[in-house]
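Single-structure report; data block below.
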Amino acid sequence: MGFDNLGIGELAVILVLGLFVLGPERLPKVAAEAGRTLRKVRLYVKGMTDDLKSELGPELGDVDLASLHPRTFVQKHLFSDEDLDPAVGRPVKRAGAPLAAGEPAPWDPDAT
């Protein structure tokens, strides 16, 4: 999901806010219920994925569903391998050759 980039500082802020909003007696119960709900959602999504793969049959059962995500699909089909950073898998912005001393910057009158 989306909690991979939470650091210790963000978790501490969330904990303090939860402590103020819910109080010390309700916070552990709410946190436990949130954990159980998240676990149920993950199991539900995994079950749906397994059902989808079994319904597709053996010829399409090994399809990687993550590759069908729009961002992955666009990166795979629009960018060549040299345009992607292998560490991140995202497009690399390449700068052109540096300008020589005194050389004017490129200018396109149609673009302005």
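The values are calculated or read from the model by the stated rules, or taken from the named source; none is laboratory data. All of these numbers come straight from a predicted model, not from anything done at the bench. Glycine also receives a Cβ, built like all others from the backbone with ideal geometry; neighbour counts cover every protein chain displayed.
What are the residues in the range 1-43 that are of a type outside the set (A, V, I, L, M, F, W, C) and within 19 Å of residue 69 (Cα to Cα), if any?
2, 4, 42 - these are the residues of the range 1-43 that are of a type outside the set (A, V, I, L, M, F, W, C) and within 19 Å of residue 69 (Cα to Cα).
Can you list residue pairs whose Cβ atoms sit under 7 Å apart, with the first residue in the range 38-63 being surrounded by 10 or more Cβ atoms within 10 Å (Cβ to Cβ) and the second being modelled with pLDDT under 80 and of a type in the set (Lys, Arg)? Count only pairs 6 or more apart in sequence or on different chains.
What qualifies is 61/53.
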